[in-house]
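> Quick one: structure below, then a few questions.
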Amino acid sequence: MSGRQASLRDPSRIMRLARLGSMHQSRLSFMRILTRRMARENWKFARTAFDMDERGTGCAIYSVDCPERTYSMVAFGHDLPDEMRSDRVIAEAWDATFALLDGVPDETDVERLAVNVPLQEAGRFSERELVVSRANRSSRLWEHVVTALAAGAQPDAEQLDAVGYLMRTTAVYGSGKFGAVDYAHVRRRPELAAPFQAEMLLVYLIRAFVLDLVEHVARCRGGELAVALDRDTARKLGIGNATGLGMAPFIVNHAALFNNWIAAREEAIRRVRSVPSATEAELALFLDRLQRSEVLVRDWRSGHPVQRTRVERLQLDLQLIKARIEDWPGGENCPWDRLVAWSEAALSAEGQECLASLILEPYGTLVDELSETMADPNDGDFRIDGSMSLAEACGLFREHYGWALGIDWRMPEATARAWYISEEKLEPRLGERHGEDIADFEQPLSPGRDAARAYADLERWAPNDSVAAFLLKHPEHRHVIRRVQVCRTAPYAEIHDNTISATMLPIDMMRAKLSFFGATNFDPKSDRWVRIRMYAGVPYPGDLDSGNCEDWVYPELVA
Amino acid sequence: MSRSLNEVETIARKAARGAGYPWGIAEESAAAMRWLARCGIDGCPALASLLERTDGSELGDWSPEPGIVWSAPGGVLCPLMAGAALSDHARQLRQCAHEFARMASPVLLLPFAGWAAARIGANVQVTWSGGSSFTDGERLALQGDPGRDLCGVLVAVSDGVPDARPCASRAFPDPRAWDRLGAFAGRIHAPASETSRRLGAGGADGIDDD
């Protein structure tokens, strides 16, 4: 590319919680990386077993052939009584449970999985399992859809739109959890090289299973009267997901990995901003996605007052973008750069991040290859460079934690919260430090405070001393010295905000992660848990092709 | 029972923290146990025994003090503290060998020798009375069992790595040692309290409402 090169956006602006909590899906979202590959490589899907009864109890197997190997989903249906249905991670029973298996299961595998998969966290898994998950029915929608289809009618569109899914997953476990295969062992497979591809594949298969199951139960009930769900209606349905506090610490605990996600998207934005002029076709595609985003946002419902206000503002922002590009000379000097620069003063953070994702849409050839940079080749391991001088270490602290060095950490509100794991349920929690006896159990999820503490001690040392010498005397700062050294080559690794302040919102951390999954329709149920939609609009197995593998996130415009 | 390397890493991090180590050393403990497991070595008995010995004592007593021979004020070195120092001072290995005095659970030092090797791009040999190990950072060759305690350990740059152990993708920890680590790991979990419940912990968040 010739001409002016745009700059990367500054981490001090991007890595704020409010900004991270406004992120949107893009071409680099993990679901889209997967559907793009599935279409390009023409993956073959088959339902090889479906032994389910009229209540939805039984076992089903779906297989998927990709170029070098086969994966299988083994699904179990359980027909849970209503009073046992809970989205909490601590639940012990679900409507359906799943495992993604490496290869094709034989009878022994199915027997082994039938004992363990329904137990989820309490089960044991083997090197053959990649992912374990479970889902609950939307009690609002499931019965309505079964009743309608059994009677030969289509369900009410308004009710379908209001919920958006028939089942929601409440956890998707990969990476060696409960004995399943380690990600490090399979990461060299091209189809699993980008982050969370096995998890995204399982959720894609779950969505196909859910459609088959609801039609099966309706057929059992209605007999010959029963009809299938209208295909266009079915395609709009996604899989729901309920995400609680457990996900928030992930982006702090995997700083180098999180950097690679953000850095890939930021580099993509930079590349498109450097495009000297836009062709008519590129402009037309952008406008198409912009208009279809209006539909997506119009259907984004949330009962949460803060999110509702932000969605309303985003609707206005999309109108402002549309007005801005009317009669827009795409041939002008770096049009996308000008548009983004304009948005920084004209739009809300939601609007700016939505636009930043949208401008990537016409430029797959420029940005899609960045998906290959999003994994962490070191799997979270980072060796401290002990030979670094303390002068350089102090410089890194000032550069990456300047925001934290300016906070008065003696103020109670600055340290109001503490992250801990409860003995009761082994789940991450966020407690009130000054009101509960939890400080001794605190997890290292406050890099800002810990950086300020380390910096105070560093300042008492000579600048030409080494990190190695400092850590011999101060092993308590070792974890934060590691983080600051990670930042040296990973400038988007750290959240530039206080993660234990009285005013922080954990949902901002979850939103950042879920947007990279490719989730839409964020619906916070409190400041610490959120419902989302995954795969709404994606073609079902067999219908996915190179023509529809990319734009499925954006609802079709109704003429 | 076979465990994933991720499970080994997780219990090692929690157990070291539960036994009172700082988070940064707990991270080293996790990475070291994973490194050993990948080389087909079960580090769980050594880690459990180390944590039982250091539990409740002053960490400084077990930490290395620089010198011609690096030794601990309390008489016995912790291999995690000594290992962290070895890996931090890796570049010095280019000039001279590192000698450590008496050390507990010395098998836990071997991963740090591996990381030092990787840092300086050389092979590193660890020698003790009755055995030695060689590593290039990725692979490990082990001759003899370093055992429970060693009187002294010498770490130096070496020529090659003879007959490295095959790479393992699963761990087979000793069940008793696993449970001992589990007991330490449990210490980092906060017990439920009435105050916490009153302030909303484990409350109604997430109950299905549709």
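The values are calculated or read from the model by the stated rules, or taken from the named source; none is laboratory data. Note that the structure is predicted; figures quoted are calculated from it, not measured. Reconstructed Cβ throughout: ideal geometry from the backbone, glycine too, with neighbour counts over all protein chains shown. Accessible surface is based on the protein model in full, side chains and every heavy atom, while ligands, DNA and RNA are left aside. Shrake-Rupley method; radii C 1.70, N 1.55, O 1.52, S 1.80 Å.
> Where does chain B land at 222 nm, in deg cm²/dmol rounded to the nearest 500, when only DSSP H runs of n ≥ 4 count, each adding -39500 (n - 2.57), divided by all residues?
Values: 8 runs with 83 residues, N = 210.
The helix-only estimate for chain B comes to -11500 deg cm²/dmol at 222 nm.
> Please give the FRET efficiency for A:ARG460 paired with A:ARG410, using the beta carbon to beta carbon distance and R0 = 30 Å, rounded to the nearest 0.05.
Computed FRET efficiency for A:ARG460 and A:ARG410 comes out at 0.95.
> Applying the Karplus parametrisation 6.51 cos²θ - 1.76 cosθ + 1.60 with θ = phi - 60° to the phi angles of the stretch A:298-310, what ³J(HN,Hα) value in whole Hz is obtained for each residue in order, glycine and proline being reported as x?
Result, ordered by residue: 4, 8, 7, 9, 8, x, 7, x, 5, 5, 4, 4, 5 Hz.
> Any idea of the total accessible area buried by the B-A contact, 1.4 Å probe, rounded to 100 Å²?
Its buried surface, counting both partners, is about 4400 Å².
> Just round it to a whole percent: the fraction of Cα-Cα distances in the stretch A:239-312 exceeding 14 Å.
Cα-Cα pairs of the stretch A:239-312 separated by over 14 Å account for 79 percent.
> Using Cα centres only, tell me the gap between the stretch B:61-120 and the stretch A:473-492 in whole Å.
When both Cα centres are located, 21 Å separates them.
> Now a separate question. So what's the back-of-envelope 222 nm ellipticity for chain A, counting only DSSP H runs of four-plus at -39500 (n - 2.57) apiece and dividing by all residues, rounded to 500?
Rounded to the nearest 500, it is -12500 deg cm²/dmol.
> If you don't mind, another one. Tell me, rounded to the nearest percent, the portion of alpha carbon pairs in chain B spaced more than 21 Å apart.
When every Cα pair of chain B is considered, 54 percent fall beyond 21 Å.
> For the stretch A:188-277, what does the convex hull of the Cα positions come to per residue, in cubic angstrom?
Dividing the Cα hull volume of the stretch A:188-277 by its residue count gives 190 Å³.
> Where does the stretch A:477-521 land on Rg/Rh, using Cα atoms and the Kirkwood Rh?
1.06
> Ok, one more. Mean separation of Cα pairs under 8 Å and 6+ residues apart, divided by the residue count of chain B: what relative contact order is that in percent?
Normalised by residue count, the contact order of chain B is 26 percent.
> Something else about it: Once phi is turned into ³J(HN,Hα) by the Karplus curve 6.51 cos²θ - 1.76 cosθ + 1.60 with θ = phi - 60°, what whole-Hz value does each residue of the stretch A:189-202 show in order, with x for glycine and proline?
5, x, 6, 10, 5, 6, x, 6, 5, 5, 5, 5, 5, 4
> Calculate one ³J(HN,Hα) per residue across the stretch A:163-176 by plugging θ = phi - 60° into the Karplus curve 6.51 cos²θ - 1.76 cosθ + 1.60, and present them in order as whole Hz with x for glycine and proline.
Once θ is set to phi - 60°, the couplings for the stretch A:163-176 become 9, x, 7, 9, 9, 10, 7, 10, 5, 9, 9, x, 6, x Hz.
> Name the residues of the stretch A:79-102, by number, that are at least 10 Å² less accessible with every protein chain in place than in the isolated chain; the surface is that of heavy atoms, probe 1.4 Å, without ligands or nucleic acids.
Those residues are A:ARG85, A:SER86, A:ASP87, A:ARG88.
> May I ask which residue of A:ALA18, A:CYS487, A:PRO305 lies farthest towards the positive end of the charge dipole of the protein assembly as shown, with charges of +1 (Lys, Arg) and -1 (Asp, Glu) on Cβ and the Cα centre as origin?
A:CYS487
> With the full set of protein chains in place, find how many percent of the accessible area of chain A is carbon and sulfur; take the probe as 1.4 Å. Can you show the working numbers first?
Working: 10730 of 21130 Å².
Roughly 51 percent of what the probe reaches on chain A is carbon or sulfur.
> Cα convex hull of the stretch A:390-489: mean projected area in nm², to one decimal?
7.3
> Could you tell me the extents of the stretch A:223-373's C-alpha atoms along the three principal axes, largest first, rounded to whole Å?
63, 42, 34
> Can you give the accessible area per residue of the protein assembly as shown, in Å², using a 1.4 Å probe?
On the way: 29480 Å² over 769 residues.
Dividing the accessible area of the protein assembly as shown by its residue count gives 38 Å².
> Net charge within 13 Å of A:ARG313 by Cβ-Cβ distance, Lys/Arg positive one each and Asp/Glu negative one each, not counting A:ARG313 itself?
Combined, the nearby Lys, Arg, Asp and Glu give -2.
> Determine one quarter of the surface area of the Cα convex hull of the stretch B:1-104, which equals its mean projected area, and express it in nm² to one decimal.
Averaged projected area of the stretch B:1-104's Cα convex hull equals 6.9 nm².
> Using the Kirkwood formula on the Cα atoms of the stretch A:148-306, what hydrodynamic radius do you get, in angstrom to one decimal?
Result for the stretch A:148-306, one decimal place: 19.9 Å.
> Then there is this: Stokes-Einstein at 37 °C, 0.692 mPa s, Kirkwood radius from Cα pairs: D for the stretch A:140-189 in µm² s⁻¹?
Once the numbers are plugged in, D ends up at 234 µm²/s.
> Right, another one. Taking amide H positions as placed in the peptide plane 1.01 Å from N, state which residues far from A:ALA6 in sequence (5 or more) or on other chains have amide H under 5 Å from it.
It is A:SER274, by chain and number.
> Semi-axes of the equivalent ellipsoid for the stretch A:1-94, please: Cα gyration tensor eigenvalues, times 5, square-rooted, ordered largest first, whole Å. Intermediate results must be reported in sequence, preceding the final value.
Values: eigenvalues 326, 133, 14 Å².
In descending order the semi-axes read 40, 26, 8 Å.
> FRET efficiency for A:LEU316 and A:ASP79, Cβ-Cβ distance as r, R0 = 35 Å, nearest 0.05?
E(calc), rounded to 0.05, equals 0.20.
> Calculate the translational D of the stretch A:452-559 in whole µm² s⁻¹ from Stokes-Einstein, where the hydrodynamic radius comes from the Kirkwood formula applied to all Cα pairs, the temperature is 20 °C and the viscosity 1.002 mPa s.
D, rounded to a whole number, is 116 µm²/s.
> Give the residue from A:PHE250, A:TRP409, A:VAL203 lying farthest towards the positive end of the charge dipole for chain A; charges sit on Cβ (+1 for Lys and Arg, -1 for Asp and Glu) and the dipole is referred to the Cα centre.
Among A:PHE250, A:TRP409, A:VAL203, the one farthest towards the positive end of the dipole of chain A is A:TRP409.
> Work out the P(r) tail for chain A: percent of alpha carbon pairs separated by more than 41 Å, whole number.
In whole percent, the share of Cα-Cα pairs in chain A beyond 41 Å is 25.
> A further question follows. Could you sort the residues of the stretch A:455-486 by number and keep only those whose accessible area is reduced by 30 Å² or more in the all-protein-chain setting relative to the chain alone, 1.4 Å probe?
A:ALA468, A:LEU472, A:PRO475, A:ARG478, A:HIS479, A:ARG482
> Starting from the 7 Å offset along Cα-to-Cβ, what nm value, one decimal, do you get for the label separation of A:SER387 and A:GLU111?
In this crude label model, A:SER387 to A:GLU111 measures out at 5.9 nm.
> Check A:SER422: other-chain or 5+ apart residues with amide H under 5 Å from its amide H, H built from backbone geometry?
Residues meeting the criterion, in which the H sits 1.01 Å from N, are A:GLU427, A:ARG429, B:ALA190.
> Of all accessible surface on the stretch B:5-187 at a 1.4 Å probe, what whole percent is carbon and sulfur?
Using a 1.4 Å probe with all protein chains present, the stretch B:5-187 comes out at 49 percent carbon and sulfur.
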